[in-house]
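> I'd like to ask some things about the structure below.
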Amino acid sequence: MRSAFGKKATPNADYFLTTLFPSNQLYIMDYNRLLKDMNGLSVDDFLKTLEEKFTIEKKDKAYRPEALHQFGLYMNNQWYKLTSKPGTYTEDPIGI
């Protein structure tokens, strides 16, 4: 097997999948999740629990994250911007 640069690839290339795209052709789509059960919490109690780890702002329209560690939450006909508080995440990209 040969790499794109004409050099012979190592056996590890059989186990590492990668693709390169120009940045002007890359679009990262929203990754949404659905919460079906709040484990008996009311909307207010759920938001209070989130406030332990996030700064929460009400939004007038659908919110799409603008930076790392931001999330959009739609609950009870209201959009929220959630921003992770410092210390609730690691800067290590592989999580070690």
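> From the protein chains alone at 1.4 Å, what is the descending order of accessible area for Ser84, Ser42, largest first? Walk me through the numbers before you get to the answer.
Numbers: Ser84 20, Ser42 55 Å².
Largest accessible area first, the list is Ser42, Ser84.
> Still on this structure: Find me the longest stretch of the chain that has none of the exposed chymotrypsin sites (Phe, Trp or Tyr not before Pro), where exposed means in a DSSP loop (not H, G, I, E or B) with at most 13 other Cβ atoms within 10 Å.
Numbers: sites that count: Phe5, Phe16, Tyr27, Tyr31, Tyr89.
Within the chain, the longest run free of exposed chymotrypsin sites (Phe, Trp or Tyr not before Pro) spans 32-88.
> Over the chain, what percent of the accessible surface lies on carbon and sulfur atoms, probe 1.4 Å? All intermediate terms of the calculation are to be shown ahead of the outcome.
Details: 4930 of 9060 Å².
So the carbon and sulfur contribution to the accessible surface is 54 percent.
> Would you mind working out the magnitude of the charge dipole of the chain relative to its Cα centre, with +1 at each Lys and Arg C-beta and -1 at each Asp and Glu C-beta, to the nearest 20 Debye? Walk me through the numbers before you get to the answer.
Numbers: 13 positive and 12 negative charges, 92 e Å.
Here the chain has a charge dipole of around 440 debye.
> A follow-up question, please. For the chain, with every protein chain kept in place, what is the accessible area per residue (1.4 Å probe, Å²)? Intermediate results must be reported in sequence, preceding the final value.
Details: 9060 Å² over 96 residues.
That works out to 94 Å² per residue.
> Using R₀ = 30 Å, calculate the FRET efficiency as 1/(1 + (r/R₀)^6) where r is the Cβ-Cβ separation of Lys36 and Lys85; round to 0.05.
Working: r = 26 Å, r/R0 = 0.86.
Efficiency computed from Cβ-Cβ geometry: 0.70.
> Right, something else. For a Förster distance of 22 Å, can you work out the FRET efficiency between the beta-carbons of Phe21 and Thr55, rounded to the nearest 0.05? The partial results should precede the final answer.
On the way: r = 33 Å, r/R0 = 1.49.
Step by step, r from the Cβ atoms, then E = 0.10.
> So for the chain, averaging the separation of alpha carbon pairs under 8 Å that are six or more residues apart and normalising by length, what relative contact order in percent results? Let's see the in-between values first.
Details: 70 pairs, mean separation 17.6, N = 96.
That works out to 18 percent.
> Springs between alpha-carbon atoms under 10 Å, Gaussian network over the chain: tell me which of Asn24, Asn39, Asn77 tops the mean-square fluctuations.
Comparing Asn24, Asn39, Asn77 in a Gaussian network model of the chain, the most mobile one is Asn24.
> Consider the candidate values [x] 46, 29, 23; [y] 59, 31, 27; [z] 31, 31, 30; state which one is Cα extents along the principal axes in Å computed from the structure displayed.
Derived directly from the coordinates: [y].
> Pick out, from Asn76, Ala9, Tyr89, the residue whose Cα sits farthest towards the positive end of the charge dipole of the chain, with +1 on the Cβ of Lys and Arg and -1 on the Cβ of Asp and Glu.
Ala9
> Continuing with the same structure: Considering only DSSP states other than H, G, I, E and B, which trypsin sites (Lys or Arg not before Pro) in the range 33-72 qualify as loop sites with at most 10 other Cβ atoms within 10 Å? It would help to have the intermediate numbers written out before the result.
Details: sites: Arg33, Lys36, Lys48, Lys53, Lys58, Lys59, Lys61; in loops: Arg33, Lys36, Lys53, Lys61.
Passing sites in the range 33-72 are Arg33, Lys36, Lys61.
> Using a 1.4 angstrom probe with every protein chain in place, what is the largest-first accessible-area order of Met29, Met75? Walk me through the numbers before you get to the answer.
Working: Met29 145, Met75 20 Å².
Most to least solvent-accessible, the answer reads Met29, Met75.
> Loop only by DSSP, 15 or fewer other Cβ within 10 Å of the Cβ. Give me the GluC sites (Glu not before Pro) in the chain that pass, ordered by residue number.
Numbers: sites: Glu51, Glu52, Glu57, Glu66, Glu91; in loops: Glu51, Glu52, Glu66, Glu91.
Taking the chain and a limit of 15 other Cβ atoms within 10 Å, the loop GluC sites (Glu not before Pro) found are Glu51, Glu52, Glu66, Glu91.
The values are calculated or read from the model by the stated rules, or taken from the named source; none is laboratory data. Note that the structure is a prediction, hence the values are computed from the model and not measured. Backbone-built Cβ (ideal geometry, glycine too); neighbour counts: all protein chains shown. Accessible surface areas use protein heavy atoms only, side chains included; no ligands, DNA or RNA. Shrake-Rupley method; radii C 1.70, N 1.55, O 1.52, S 1.80 Å.
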